[in-house]
1. Report the equivalent ellipsoid semi-axes for region 25-72 in whole Å, largest first, defined as the square roots of five times the eigenvalues of the gyration tensor built from alpha carbon atoms.
2. Work out the FRET efficiency for Ile9 and Ser130 from their Cβ-Cβ distance, taking R0 = 45 Å, and round it to the nearest 0.05.
3. I'd like the distance separating the alpha-carbon centroids of region 6-54 and region 152-175, in whole Å.
4. Semi-axes, largest first, in whole Å: what does sqrt of 5 times each Cα gyration tensor eigenvalue give for region 59-133?
5. Please report the carbon-and-sulfur percent of the accessible area for region 1-133; probe 1.4 Å, protein heavy atoms only, DNA, RNA and ligands left out.
6. Just how large is the dipole of the chain about the Cα centre, in debye to the nearest 20, putting +1 at every Lys and Arg Cβ and -1 at every Asp and Glu Cβ?
7. Calculate the FRET efficiency for Tyr182 and Asn38 from the Cβ-Cβ distance with a Förster distance of 22 Å, rounded to the nearest 0.05.
8. Go ahead and estimate [θ] at 222 nm for the chain from helices alone: -39,500 (n - 2.57) per DSSP H run with n ≥ 4, summed, over the residue count, rounded to 500.
Amino acid sequence: KNVPDTTVIGGNVVAQVKGTSEKIIVITGHLDHLGMRNGKIYNGADDDASGTAALFAIAGYFKKNKPKHTLVFAAVDAEETGMLGSDYLVKNFPTDIKNVVLNINMDMIAHSEKELYASGTYHNPQLKKSLENIVSPIELLFGHDDPKNKKLDDWTYSSDHRSFHKAKIPFIYFGVEDHKDYHRDTDTFESINQNFYINAVKL
């Protein structure tokens, strides 16, 4: 879609941790990046290995600590070519998608000094109170979701949470501002802030 001369063949990786209720929270991060360009490897350490690795850490935690609601962990493919993996997941959800009450999407959560955004409360104000109660050494900010705010880009359709939003499912998108390594071959493990990233995953 975004790359008209390229055929993309991929797949989503999806797992579930059963909760005690029928409600489902879907946690997403995209597993693809830009591949190779002009002989250079685009690793995508922040975009979005950071979100995919966070999925595994969070899944491991809730495997040991049974959640109230069922959690579906989805490493989705082809985000960079138009959110194709998350679109497919929403349209072909393995159980009744009416039980999905929230999407938490993580895309670029490692490359910052102290600020992480929780975007989506403009559309889902009922979620803000829970987020405001989080205690963390990093600063959780709100925004990037109001189309009338000209100071901050609107991230409502910028990543895989878009697919859920279009299906009228509430979302919170965790991410950082664009940075000097965004969509460059310099987005490597060495360029991320490891302490910030660990705290972002905990948050």
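1. Details: eigenvalues 183, 18, 6 Å².
Values for region 25-72, descending: 30, 9, 5 Å.
2. Values: r = 39 Å, r/R0 = 0.86.
My answer for the efficiency is 0.70.
3. The two parts, judged by their Cα centres, are 15 Å apart.
4. Working: eigenvalues 94, 72, 48 Å².
Each semi-axis is the square root of five times an eigenvalue, giving 22, 19, 15 Å.
5. In region 1-133, the share of accessible area belonging to carbon and sulfur is 53 percent.
6. Details: 23 positive and 27 negative charges, 202 e Å.
The calculated dipole for the chain is roughly 960 debye.
7. On the way: r = 17 Å, r/R0 = 0.79.
With a Förster radius of 22 Å, E is 0.80.
8. Values: 5 runs with 43 residues, N = 203.
The per-residue figure over the chain is -6000 deg cm²/dmol.
The values are calculated or read from the model by the stated rules, or taken from the named source; none is laboratory data. Just so we're clear, the structure is a prediction, and the values are computed from it rather than from any experiment. When we count neighbours, we look across all protein chains shown, and the Cβ atoms used for this are built from the backbone with ideal geometry, even at glycine. For accessibility, only protein heavy atoms count, side chains too; no ligands or nucleic acids. Shrake-Rupley method; radii C 1.70, N 1.55, O 1.52, S 1.80 Å.
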